[in-house]
Amino acid sequence: MSTTLVVTLVGILVIAGVGLLGRRGAITDVSDWAVGGRRFGSWTMWFLQAGEVFTTFTFLGMAGLAFAGGAAALYALPYVPLAYAGLYFLGPVVWRRAREQGHVTQADFLAEHFGSRAFGGLVAVLGVVFLLPYLQLQITGLGLAVQLATGEKASGTLSMVVAFVLVVAFVLWAGIRGVATTSYLKDALMLVVLIVLLAVIPAAVNGGIGPTFESVLAHAPRMLTIHAGEYDAGYFISSTVASTLGVLFLTLPHSWPALLSAGSERAVRRNYAYLPIYSLALAIPMVIGFVALTALPPSTSSNGALLVLAGQVFPSWFVGVVVVATAATAMVPAAGILIGMSTLVARNVVRTTTVRGQTVTNQLSVVGLTALALVLAIVRPDLLANLLLLTYSGLDQLVPALALALFARRWVGLRPILAGLVVGEVVVVVLTFGPYAGTVNEGLVALVPNLVVVALGALLERRRGGPREGTPRADRATESSPRPAGSVARGEPSVD
Amino acid sequence: MTLVCYVVLVLIAVGLLASPLLGFVNRPALWFGLPSIMVWMGVLVLLITPVLAIVETTRGPDDEEERR
């Protein structure tokens, strides 16, 4: 067994151990497990949400994108800060309403607003289907990192299995508190490793960061710009807008538990105010990607660019540390994704009638979804790859529903929203797997007919006297007294 | 002050989205040894946090959370 693999496996065990230590006392129900009693302060929220920003994509994908597309990789830099600037204002609205109504998931929020548990179920199914390949991406990312660092496919497979069995263990045991504690370790490790990589790799390969970019300017000046081709200005602007909308309107279901776990509106606001500055760390792997551009042959696998350079510059034990940091960026976001998916299944898809039933469903979902993603990652790694192409564009089609649900009053009813969602998803599938050759983001293109259908449907509703389904939210809110913090919503299961 | 902050946030968003269309930014040139577009976007992203921090510190007593 190589030094790199030993360091990697020890690191994976430490990450899981820290996750297991995250548990604080008994966990009473799925809500407590998923949103931690809604008591987290700014500090914990920072790490939870930063944990979602920095995935395996941070380590491997950003460097790879810069290696393949140069400055086009910069599209990943602004969308999270822009979305967080908007969430500074919208986040407290979502948090407040979810707290009052006892919402735990995105689907809870939408089902409540549009007065349809079936719609919540549909949104939950979409969320699970679109997140499954994202979960698998974390698993394969970890396996790829180990495989590239050790040169052995078997080591990659072993690491995937060990890491994700342990992820299931600490997620089941500690819930979101386990994700929070591992996030501390992950972000500290990731920042240290990124700074070391930035300090050492450009200096060792080109004599520094400045000489690296001078070399790119001399030999491949177009890579310093967003230029015509696959990654042109249309790609850049549309990808940034689509990604910003997705994050801003919380279309990714696993972003909800971290937000809802906040202890106060102030914690939510402060977190969204300070996180943008942290996103600048994304530029570090981009710089490494530019170093790769000057030093590696074009035939090099773009996702492996960072690790290939690390292998050339560092001793094997430190390559192991880099792989552990990569593993952390896979395991911690995967844990958050699992919590997001399993709560959707337990609360919105399988409608159990007891707290115990919901807990069991939730636990089985964590195990089942991880097993499915893990087996597919090992046996058929390409099966979900196509579905991954739909993940962001598909979830972007929830933007109209989520944007309208932010209003207290139900301005548009369920039917226009449902029709728009169906049209949007169909267009996304057609564009993604059809002959579409444009560079404008498919999700953004599909949002246009989605919004047109919603607008036409809303107009028809107006002509017929307004949304027909149920009573508008604002009226219902005045009919019932606000719930105390951590209380449960109507229709939630009773204690067994 | 808050209105100024909102305007600045909008300008930051426009500046970031328009980056590939700005001739003085999207060109093969280095600013401080880094690609000009990377420096431009980095500075704009860096500005978001202080602007939001100003909005946060100048929040009035109408904050619902504080009234509770």
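Among the criteria (1) among the aliphatic types (A, V, I, L, M); (2) in contact (Cβ under 8 Å) with a residue 12 or more places away in the chain; (3) surrounded by fewer than 19 Cβ atoms within 10 Å (Cβ to Cβ), the one A:VAL360 does not fulfil is (2). Among the residues making up region A:47-73, those that are aliphatic (A, V, I, L, M), under 27 Å from B:ALA18 (Cβ atoms) and at pLDDT below 90 are A:VAL53, A:MET62, A:LEU65, A:ALA68, A:ALA72, A:ALA73.
Restricting attention to region A:131-153 and to residues that are of a type outside the set (A, V, I, L, M) and buried (at least 23 other Cβ atoms within 10 Å of the Cβ), the residue that is nearest to A:LEU260 (Cα to Cα) turns out to be A:TYR134. Scan region B:1-41 for residues that are buried (at least 21 other Cβ atoms within 10 Å of the Cβ) and facing chain A (nearest Cβ under 7 Å) and jot them down. Across region B:1-41, the qualifying residues are B:LEU16, B:PRO20, B:ASN26, B:PRO35, B:ILE37, B:MET38, B:MET41. Among residues of region B:24-43 that are more than 18 Å from A:ILE284 (Cβ to Cβ), those with a Cβ under 8 angstrom from a residue that is of a type in the set (Lys, Arg) and assigned to a loop (DSSP other than H, G, I, E, B), sequence gap 6+ or separate chain, pair up as B:SER36/B:ARG27. The requirement of being farther than 28 Å from A:ALA373 by Cβ and assigned to a helix (DSSP H, G or I) is satisfied by A:ALA71.
One residue stands out among those in region A:190-232 that are acidic (Asp, Glu) and within 9 Å of chain B (Cβ to nearest Cβ): the one that is nearest to A:ALA71 (Cα to Cα), which is A:ASP232. Search region A:73-114 for residues being in contact with a Leu (Cβ under 7 Å, 6 or more places away or on another chain) and among the small types (Gly, Ala, Ser), and hand back the single one that is farthest from the other protein chains (Cβ to nearest Cβ). The residue in question is A:ALA107. Within region A:76-90, the set of residues being part of a helix (DSSP H, G or I) and either crowded, with 22+ Cβ neighbours inside 10 Å or among the hydrophobic types (A, V, I, L, M, F, W, C) (or both) comprises A:ALA76, A:TYR79, A:VAL80, A:PRO81, A:LEU82, A:ALA83, A:TYR84, A:ALA85, A:LEU87, A:TYR88, A:PHE89, A:LEU90. The residues in region A:260-289 that are within 7 Å of chain B (Cβ to nearest Cβ), closer than 30 Å to A:PRO211 by Cα and of a type outside the set (S, T, N, Q) can be counted, and the count is 4. For the condition free of Cβ contacts under 8 Å to residues at least 12 places away in the same chain and within 15 Å of A:THR55 (Cα to Cα), A:ALA145 does not qualify.
Just wondering, is there one or more residues in region A:343-355 that are over 22 Å from the mean Cα position of the chain (by Cα), surrounded by fewer than 24 Cβ atoms within 10 Å (Cβ to Cβ), at pLDDT below 90 and in a helix (DSSP H, G or I)? Yes, that holds for at least one residue. Quick check on my filter: what residues within region A:198-232 are in a helix (DSSP H, G or I) and closer than 30 Å to A:GLN49 by Cβ? A:LEU198, A:ALA199, A:VAL200, A:ILE201, A:PRO202, A:ILE209, listed by residue number.
The values are calculated or read from the model by the stated rules, or taken from the named source; none is laboratory data. In this text, all values refer to a predicted model and were calculated from it rather than measured experimentally. No Cβ is skipped: glycine too gets one built from the backbone with ideal geometry, and neighbour counts run over all protein chains shown.
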